[in-house]
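One structure is given below, encoded as C-alpha cells.
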Amino acid sequence: MTLASLDAHIAALDVADGLKSVLTVAARTCAEISDVVAGGALAGALGASGQINVQDEEQKKLDVMTNDRLTQALLACPAVAGVASEEMDEVQPASNTAGDYLVLFDPLDGSSNIDINASVGTIVSVLKSPTPTPTEADFMQAGRNQVAALYALYGPQTMLVLTTGQGVRGFTLSSDGEWILTHDAIAVSKDTKEFAINMSNLRHWSEPVQTYVGDLLKGADGPRGKNFNMRWVAAMVADVHRILMRGGVFFYPWDRREPNKPGKLRLMYEGNPMAFLIEQAGGKATTDGVEAILDIQPEHLHQRIPVALGSANEIDAFASA
Ligand code: AHG
Ligand code: MN
Ligand code: MN
C-alpha cells in the first residue's frame, strides 16, 4: 500500500500554484526544524540567546534559529510577497515583486519547554497579499481571510496539521523526512470533560472566568454534574493538538495584573491560525465564548487577545457562565 504524502496532497489541492509552493516550503522548513529540535544539546538548540524580542520576552536560541530559517526559506520562495513573525519587530517584504502571499508565523511555540525536552511547535498563517510590495497595513487582515494555516508539533512524533479551508488533515514525519498522511478528516468532538488553563493565574481572572472554572472543579457534585480532567502542556500547539485528537477546551484569558493587555497570546501568529484549524475541525475559537477570533479586525501586528477555543458545546457553556 502506498501512503499518501503531503506533497501529493498539496499537488491535488484546488488552490493556486503559488500557495502550493508556499505550503511546500513551510513544510520542508518545519521538517528541518524538527531535526534541530531533536538534536537538542547536540545541535546547539538549548538555552537563551541573550536577546529580547519585540514582545519584551527573552529569546531562546531556538526562537532565533527557527525564525531565521523560516524567514530565509519563505523570502526565497517566489510566491511570497512578505513575512511577519512573533520574533521580528517589523514585517519583511520580499525582494522579488511577483509574490501573492503573506506568511505570518510563530517560529517556536512553547519556548519554556525547549530546555526540558517537552513538546514545542511552529505555527504558520497564510494570507493573500493585496499588493506585490506589501507594507505592514497589508498584513492587517481578519483571520477569516486566511487561505491556509498549519502547525508542526515536535513531540514524540513530529506532525504537521494543515487546513486550506477544506477540512483538517494531519501528516507524520517519516524517518525518510517525508510527511505522510496519517490523520484524515480531523474533527473536534462537540462535548468534552477536559480543560486546559494555567490554573496558577486563577486569582487574577475576571469573576465569570473564575466562576466557570470553579464549576468545572466541583465536578459531579457541582452545577455541571460531571467530573473534568485538566491538562496544560504550556505549548499552545500541543494543547490544540490534543483538542483536535480527543476534544477539550483551551483558555488563555485576560487577567487583572496588566489590565490594559488583552491577553498573552498573539492574534496574528497564534490566535488566527489556530482558530482557522479549530473551526475547520468543527470546534469554536473565540475570545470570550462568543466573539469569533477570525472576525477580529487587527489593529496592530503584534496584537494580543484572550483565547477560549475547542469543543463547541463547552465553549457555549463558558459563554453562559
Ligand atoms: P511562545 O513560546 O511562542 O511565547 O508561546 C507560549 C504561549 C503558548 O504556547 C502557551 O500556551 C502559553 O504561552 C504558556 O503560557 P504560561 O507559561 O503562562 O503557562
Ligand atoms: Mn507561541
Ligand atoms: Mn514563539
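The values are calculated or read from the model by the stated rules, or taken from the named source; none is laboratory data. Model, not experiment: these values are computed from the prediction. Cβ placement follows ideal geometry from the backbone for every residue including glycine, while neighbour counts extend to all protein chains displayed. For accessibility, only protein heavy atoms count, side chains too; no ligands or nucleic acids. Shrake-Rupley method; radii C 1.70, N 1.55, O 1.52, S 1.80 Å.
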query = For labels at E32 and V290 in the simple 7 Å Cα→Cβ model, what's the distance in nm?
reply = 4.7 nm
task = Would you mind working out the magnitude of the charge dipole of segment 6-183 relative to its Cα centre, with +1 at each Lys and Arg C-beta and -1 at each Asp and Glu C-beta, to the nearest 20 Debye?
result = 460 debye
inquiry  = Give me the percent of accessible area attributable to carbon and sulfur for segment 232-295, probe 1.4 angstrom.
reply    = 49 percent
query = What accessible area per residue, rounded to a whole number of Å², is obtained for the chain using a probe radius of 1.4 Å?
reply = 41 Å²
task = Calculate, for D68 and A11, the FRET efficiency according to 1/(1 + (r/R0)^6) with r their C-beta to C-beta distance and R0 30 Å; round to the nearest 0.05.
result = 0.55
message = Can you tell me the length gained on complete extension of the stretch A43 to A220, counting 0.36 nm per residue apart and subtracting the Cα distance?
response = 58.9 nm
request  = Calculate for the chain the 222 nm mean residue ellipticity that helices alone would give, adding -39,500 (n - 2.57) per DSSP H run of length 4 or more and normalising by residue count, nearest 500 deg cm²/dmol.
outcome  = -8500 deg cm²/dmol
query = Taking the Cα-to-Cβ direction at L3 and at M245 and moving 7 Å from each Cα, how far apart do the two end points lie in nm?
reply = 1.5 nm
ask   = How would you classify segment 6-183 from its alpha-carbon gyration tensor, with a ≥ b ≥ c the square roots of the eigenvalues: rounded for a/c under 1.5, else prolate if a/b is greater than b/c, otherwise oblate?
value = oblate
ask   = H300 versus M199, label points 7 Å from Cα toward the beta carbon: distance in nm?
value = 3.3 nm
task = Run through all the Cα pairs of the chain and give the fraction in each 20 Å bin from 0, expressed as whole percent.
result = 33, 59, 8, 0
ask   = If you build the Cα gyration tensor of segment 93-183 and take the root of 5 times each eigenvalue, what three semi-axes come out, in whole angstrom, biggest first?
value = 28, 16, 12
key: Under 15 Å from K193, Cα to Cα: aspartates and glutamates that are on another chain or at least 8 residues apart   = D215, D221, D239, E314, D316
request  = Please report, largest first and rounded to whole Å, the three semi-axes of the ellipsoid equivalent to segment 194-319, where each semi-axis is the square root of five times an eigenvalue of the C-alpha gyration tensor.
outcome  = 22, 17, 12
ask   = Which helices count as membrane-span-like in the chain under these terms: full DSSP H, at least 18 Å along the axis by C-alpha, Kyte-Doolittle mean of -1.0 or more?
value = 17-39, 61-75
note = Taking 0.36 nm per residue of separation between T97 and W232 and subtracting their Cα-Cα distance, the length gained on full extension comes to 44.3 nm
inquiry  = On alpha carbon coordinates alone, what is the Rg over Rh value for segment 136-197, Rh being the Kirkwood radius?
reply    = 1.06
Estimated dipole of segment 95-205 in Debye, rounded to 20 [Cβ of Lys and Arg +1, of Asp and Glu -1, Cα centre] = 400 debye
Hits among aspartates and glutamates - C-alpha to C-alpha of K20 under 14 Å, sequence gap 8 or more where chains match = D7, D100
ask   = Where the only charges are on Cβ atoms (+1 Lys, Arg; -1 Asp, Glu), what is the dipole of the chain about its Cα centre, to the nearest 20 debye?
value = 780 debye
Dipole of the chain, positive end: most advanced residue of T192, G225, S119 [Cβ charges, Cα centre] = G225
query = Of all accessible surface on segment 1-82 at a 1.4 Å probe, what whole percent is carbon and sulfur?
reply = 54 percent
